[in-house]
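*Asks:* The structure is given below, and queries will be raised subsequently.
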Amino acid sequence: MIVVTGATGNVGRLLVESLTEAGHAVTAVSRGVSSPPPSRPGVTPMVADLADAGSLAPALKGAEALYLLVSGAGAHVDGEAVLRAAAEAGVSRVVLQSSQAAGTRPDAVSHAPLAALEEAVRSSGLEWTVLRPGGFTTNTFAWVPTIRSQRKVFSPFGDVALPAVDPLDIAEAAAAALTGGGHAGQTYVLSGPEATSPRQRAEILGAALGEPLEFVELGRAQAREQMVRQMPEPVADGTLDILGQPLPEERRSSPDVEKVLGRPATSFASWASRSVDAFR
């Protein structure tokens with residue numbers, strides 16, 4: 001049995017689907033705050049809070065592997081306590097969804113907790129794999145309201161290009177690491193196959209919709225004002241640093257999706273074609 005935490009998120013739901021379709025029993029864990037864990041054949045939904053490692057114990061009973069996905073930057077999670085609970089329950093394999101910035105900016109306030117969680121995973125004594133995705137293609141869902149109402153996209157740093165990754169690629173890489181061989185002790189940086197800017201993504205979405213979208217560039221302060229309504233200030237500031245002044249490594253496309261899955265990473269255009277109905 002495989003335990004998936006963060007089972008209601010962009011990656012978690014897809015991972016639960018992938019694992020159950022392959023015939024694996026899954027315990028899908030969420031905090032139960034916004035939506036229930038997935039309910040489908042082969043899935044046992046459970047509510048637990050990673051901030052309280054003890055609450056995870058019932059979900060871990062009988063598990064062989066754990067997908068560890070924390071909300072926000074993970075500052076509220078005692079990684080050592082969670083991993084100790086996993087080991088005591090007999091879990092032998094853990095796959096952590098971290099962030100590329102935990103490697104490129106480990107000392108930043110916004111990503112230091114994830115860097116510390118990575119270290120806890122590596123020191124846990126369990127067989128481990130770390131996934132470090134960059135920005136998600138699904139972040140553009142934030143544009144849905146203004147695309148629907150005004151056919152406009154509002155975003156900062158309009159011409160700064162980054163290789164956004166499809167959450168489905170992350171989920172499939174996670175499934176491979178949880179169930180397959182050859183991934184122990186590996187850290188994979190997961191990105192899209194090419195860098196695109198917000199302005200280019202707006203053009204791609206417009207093409208998928210069959211009508212042009214107007215791009216309106218926000219200043220950093222405007223973007224920050226919107227972001228802090230939905231995330232802690234340090235996370236918003238760290239995200240804006242990456243979006244506006246990415247490091248060379250953050251601009252590059254990683255080969256790791258293809259290395260793990262044996263196929264190229266999904267392009268933004270392909271993701272947009274698959275997801276276009278959300279913007280209509």
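*Asks:* Taking the Cα-to-Cβ direction at residue 270 and at residue 229 and moving 7 Å from each Cα, how far apart do the two end points lie in nm?
*Replies:* Spacing of the two 7 Å Cα→Cβ label points: 3.5 nm.
*Asks:* First select every other residue whose beta carbon is under 12 angstrom from the beta carbon of residue 112; then total the charges, Lys and Arg +1, Asp and Glu -1.
*Replies:* Working: positive: 105; negative: 107, 118, 119.
So the surrounding residues net to -2.
*Asks:* Roll a 1.4 angstrom probe over the protein heavy atoms and tell me the percent of accessible area of segment 214-256 that is carbon or sulfur. Mind showing how you got there, number by number?
*Replies:* Numbers: 1360 of 2740 Å².
Its accessible area is 50 percent carbon and sulfur atoms.
*Asks:* Return an integer: the convex hull volume of the alpha-carbon atoms of segment 70-138, in Å³ per residue.
*Replies:* Working: hull volume 6.1 nm³, N = 69.
For segment 70-138, the hull spanned by Cα atoms encloses 89 Å³ per residue.
*Asks:* Let me spell out the model: positive unit charges on the Cβ of Lys and Arg, negative unit charges on the Cβ of Asp and Glu, origin at the Cα centre of the chain. What dipole size does that give, in debye rounded to 20? Walk me through the numbers before you get to the answer.
*Replies:* Working: 23 positive and 30 negative charges, 106 e Å.
Value, rounded to 20: 500 debye.
*Asks:* Ordering 84, 105 by accessible area with a probe of 1.4 Å, largest first, what comes out? Don't skip to the answer; put the middle values down first.
*Replies:* On the way: 84 125, 105 45 Å².
From most exposed to least exposed: 84, 105.
*Asks:* Which whole-number value in Å² is the accessible area per residue of segment 52-105, probe 1.4 Å? Intermediate results must be reported in sequence, preceding the final value.
*Replies:* Numbers: 2040 Å² over 54 residues.
Spelled out: the 1.4 Å probe surface of segment 52-105, per residue, equals 38 Å².
*Asks:* Shifting gears a bit: Treating only the Cβ atoms of Lys and Arg (+1) and Asp and Glu (-1) as charged, compute the dipole magnitude of segment 141-278 about its Cα centre; round to the nearest 20 debye. Please list the in-between numbers first.
*Replies:* Values: 13 positive and 18 negative charges, 43 e Å.
Its charge dipole is roughly 200 debye.
*Asks:* Let me ask you something else. Along the Cα→Cβ direction, 7 angstrom out, place labels at residue 57 and residue 127. What is the inter-label distance in nm?
*Replies:* Each label point is offset 7 Å from its Cα along the Cβ direction, giving 2.7 nm.
*Asks:* A follow-up question, please. Rank 30, 267 by accessible area, highest first, at a 1.4 Å probe radius? Write down the numbers at each step before the final one.
*Replies:* On the way: 30 5, 267 25 Å².
The residues order as 267, 30, largest area first.
*Asks:* Treating the beta-carbon of each Lys and Arg as +1 and of each Asp and Glu as -1, no other charges, what is the dipole magnitude of segment 43-179 about its Cα centre, to the nearest 20 debye?
*Replies:* Dipole size: approximately 480 debye.
*Asks:* Given Cα pairs under 8 Å that are at least 6 residues apart, what percent is the relative contact order of the chain? Before the final figure, lay out the partial values.
*Replies:* Numbers: 556 pairs, mean separation 49.6, N = 280.
It rounds to 18 percent for the chain.
*Asks:* Using a Förster distance of 35 angstrom, determine the FRET efficiency expected from the C-beta separation of residue 159 and residue 261, and round it to 0.05.
*Replies:* Values: r = 30 Å, r/R0 = 0.87.
The computed FRET efficiency comes out at 0.70.
*Asks:* Rank 229, 251, 132 by accessible area, highest first, at a 1.4 Å probe radius? Intermediate results must be reported in sequence, preceding the final value.
*Replies:* On the way: 229 170, 251 110, 132 45 Å².
Ranked from most to least accessible, the order is 229, 251, 132.
*Asks:* Given a 1.4 Å probe and the protein chains all in place, what does the accessible area of residue 141 round to, in Å² to the nearest 10?
*Replies:* 80
*Asks:* For labels at residue 44 and residue 80 in the simple 7 Å Cα→Cβ model, what's the distance in nm?
*Replies:* Result for the modelled spin labels: 3.0 nm.
The values are calculated or read from the model by the stated rules, or taken from the named source; none is laboratory data. Please read these numbers as outputs of a predicted model, since none were measured by experiment. Neighbour counts run over all protein chains shown; Cβ positions are idealised from the backbone, glycine included. SASA here: full protein model, heavy atoms, side chains in, ligands and nucleic acids out. Shrake-Rupley method; radii C 1.70, N 1.55, O 1.52, S 1.80 Å.
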